[in-house]
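The values are calculated or read from the model by the stated rules, or taken from the named source; none is laboratory data. Since the structure is predicted, the reported quantities are computational estimates derived from the model, not experimental observations. Cβ atoms come from the backbone with ideal geometry, glycine included; neighbour counts cover every protein chain shown.
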Amino acid sequence: MGLIIRARGYEPLPTGEYRVELTSVELVETAYGERLKWVFRVVDGGGTIVDYSTPSDSPTSKCVEWVEALLQKQLAPYEAVDMESLVGRTAIAYVRLKKRNNREYNRIEQLLPDWNPPLTG
């Protein structure tokens, strides 16, 4: 028997606003170079959103925008953040349903602070 590859099942979400929890973030090598792979779980209703960013430290980058949204604060100049410390934090994601090569997928257009995170403790 030859090599068998099974396509992963994927149900994209409709365009909209979702409360999400970061479940993982990791540096991966892609066809476009090193990228951060962000995996979010939709808190209400289930589903998963995977999106990518460059690991840029520019204050206007998607990476910094998302870190600030998850931390619910603006980063100070030269402030360091352990990316693993963001796992478990929530935010509000504005998600767009897009289509490429006859396949639908999601992209996070904007990530904003979740001012009503669940109480813990």
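Points to keep in mind about this one:
- Test for Thr48: is it under 11 Å from the mean Cα position of the chain (by Cα) and among the β-branched types (Val, Ile, Thr): yes
- Pair list, Cβ < 8 Å and 6+ apart or interchain, from the range 63-87 residues that are under 14 Å from Ser24 (Cα atoms) to residues that are among the charged types (D, E, K, R) and surrounded by 17 or more Cβ atoms within 10 Å (Cβ to Cβ): Leu70/Arg89
- Single match in Glu104, Glu21 (criterion: touching a Gly at 6+ places or on another chain (Cβ under 7 Å) and of a type outside the set (Val, Ile, Thr)): Glu21
- Taking residues in the range 107-121 that are of a type in the set (Phe, Trp, Tyr), and partners anywhere that are at pLDDT 95 or above and assigned to a strand (DSSP E or B), the pairs with Cβ atoms closer than 9 Å and at least 6 places apart or on different chains are Trp115/Ile92.
- Residue in the range 95-109 that is within 19 Å of Gly45 (Cβ to Cβ), of a type in the set (Lys, Arg), under 11 Å from the mean Cα position of the chain (by Cα) and not in a loop (DSSP other than H, G, I, E, B) present: yes
- Every pair of residues 6+ apart whose Cβ atoms lie under 8 Å, when the first sits in the range 18-35 and is free of Cβ contacts under 8 Å to residues at least 60 places away in the same chain while the second is surrounded by 10 or more Cβ atoms within 10 Å (Cβ to Cβ) and outside any strand (DSSP E or B): Leu27/Pro55; Gly33/Thr54; Glu34/Thr54; Glu34/Pro55; Arg35/Thr54; Arg35/Pro55
- One residue stands out among those in the range 49-76 that are in a strand (DSSP E or B) and touching a Ser or Thr at 6+ places or on another chain (Cβ under 8 Å): the one that is nearest to Pro12 (Cα to Cα), which is Tyr52.
- If the condition is being small (Gly, Ala, Ser) and within 20 Å of Arg96 (Cα to Cα), then the range 17-76 contributes Gly45, Gly46, Gly47, Ser53, Ser61, Ala69.
- Qualifying positions in the range 54-70 - farther than 17 Å from Ile92 by Cβ, of a type in the set (Gly, Ala, Ser) and surrounded by 14 or more Cβ atoms within 10 Å (Cβ to Cβ): Ser61
- Taken over the range 96-121, the criterion of being closer than 21 Å to Val28 by Cβ and in contact with a strand residue (DSSP E or B) (Cβ under 8 Å, 6 or more places away or on another chain) is satisfied by Lys98, Tyr105, Asn106, Arg107, Ile108, Leu111.
- Any hit, the range 9-16, residues being free of Cβ contacts under 8 Å to residues at least 12 places away in the same chain, under 16 Å from Ile108 (Cα atoms), surrounded by 10 or more Cβ atoms within 10 Å (Cβ to Cβ) and not aliphatic (A, V, I, L, M): no
- Residues of the range 84-105 that turn out to be hydrophobic (A, V, I, L, M, F, W, C) and modelled with pLDDT under 95, as a count: 1
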